[in-house]
């Protein structure tokens, strides 16, 4: 498996959009127009590949000069629970640390809180609803190591 940064306007970005639709948005009835490439131009786009096939992805969006947000994390449904998500999170943390961020946060769907807790993330605050689904904000300090 190779994890790397990808760019908007490439076949890899189209594969990322397709994977996000399949795993995250289609199951809850959110249209493709929800994904805004214009908004993502300043984000860091990360893809995990097995050969030429994208098997996982996420986006890192700067919140401020200390905090970066992980969002739109997706792993192909057929190969979940094989360490791909953990590898993407580790890659994202390392990259964020190298870019000078001290904290990584996310708005995690309630169904995946356990996964992120195993990765060292802590729930911050009360449940809220985004796209009709229960979420919690989760955070991890990047200064303490992995």
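What pairs come up if the first residue lies in the stretch 13-37 and is farther than 23 Å from residue 129 by Cβ, the second is in a helix (DSSP H, G or I), and their beta carbons are under 9 Å apart, counting only those six or more places apart or on different chains?
Close Cβ pairs satisfying both conditions: 13/40; 17/32; 37/13; 37/17.
Quickly run through the stretch 70-93 and pick out the residues that are farther than 12 Å from residue 115 by Cβ, in contact (Cβ under 8 Å) with a residue 40 or more places away in the chain and not in a loop (DSSP other than H, G, I, E, B).
Across the stretch 70-93, the qualifying residues are 72, 74, 77, 87, 90, 91, 92, 93.
Every read-out reported here was derived from the displayed coordinates using simple, explicitly stated rules and does not represent laboratory data. All values derive from a computational prediction rather than experimental measurement. When we count neighbours, we look across all protein chains shown, and the Cβ atoms used for this are built from the backbone with ideal geometry, even at glycine.
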